[in-house]
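The values are calculated or read from the model by the stated rules, or taken from the named source; none is laboratory data. Everything numeric here is computed off the predicted structure, so don't read it as measured data. So basically every Cβ, Gly included, is an ideal-geometry build from the backbone, and we count neighbours across all protein chains shown.
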Amino acid sequence: MTQTTLEPGDAAPDFTLPDAEGEGVSLEAFRGKRVILYFYPAAMTPGCTTEACDFRDSLDSLAAAGITVLGVSKDSPQKLAEFIKRDSLTFPLLSDPDLAVHQAYGAYGEKTMYGKTKVGVLRSTFVIDADGKIEKALYNVKATDHVARLRKDLGLA
């Protein structure tokens, strides 16, 4: 399976995906701002909840630095709405059920879990600059402490 990976300086693939209300959200709408775009395997699972709540808890400082956070998974808008309500998430979660955007960013492919190789969502985070270019591309990140490390890398810690 050939897998795309993005590098700093690459153009961020544009997309429009439905949010928890079914409204289309386009990356292009955020041009002129920095965006953290993160891909996670499944709403309401322990690791994904930890990661989402860490982003939620860091949102004020990220917003103060001019950074918008967007989360993407293959979950339906209805499941995203449940996740947002259950965990009081205050940033958009986007639905990519056919995994096209995951694949464009290299956030779907082979991974090893418990010694077995399988194909699935790769927990990945991208920082996209105001011009729509990849500033940071982080693949196979850990859910725990990921946001703290990202804040430190961005000089926000």
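Among the residues of the stretch 96-122, those identified as in contact with a His (Cβ under 8 Å, 6 or more places away or on another chain) and not aliphatic (A, V, I, L, M) are Asp96, Tyr108. Every condition in (1) closer than 23 Å to Asp10 by Cβ; (2) at pLDDT 95 or above; (3) surrounded by fewer than 14 Cβ atoms within 10 Å (Cβ to Cβ) is met by Asp57 except one, and the failing one is (1). Here is the figure for the stretch 111-157: residues that are over 24 Å from Leu27 (Cα atoms), touching a helix residue (DSSP H, G or I) at 6+ places or on another chain (Cβ under 7 Å) and either surrounded by 16 or more Cβ atoms within 10 Å (Cβ to Cβ) or free of Cβ contacts under 8 Å to residues at least 40 places away in the same chain (or both) total 1. Somewhere in the stretch 47-69, is a residue of a type in the set (S, T, N, Q) and free of Cβ contacts under 8 Å to residues at least 24 places away in the same chain? Taking every residue of the stretch 47-69 in turn, none turns out to be of a type in the set (S, T, N, Q) and free of Cβ contacts under 8 Å to residues at least 24 places away in the same chain.
Within the stretch 1-31, the set of residues being in a loop (DSSP other than H, G, I, E, B), polar (S, T, N, Q) and either in contact (Cβ under 8 Å) with a residue 12 or more places away in the chain or surrounded by 15 or more Cβ atoms within 10 Å (Cβ to Cβ) (or both) comprises Gln3, Thr4, Thr5.
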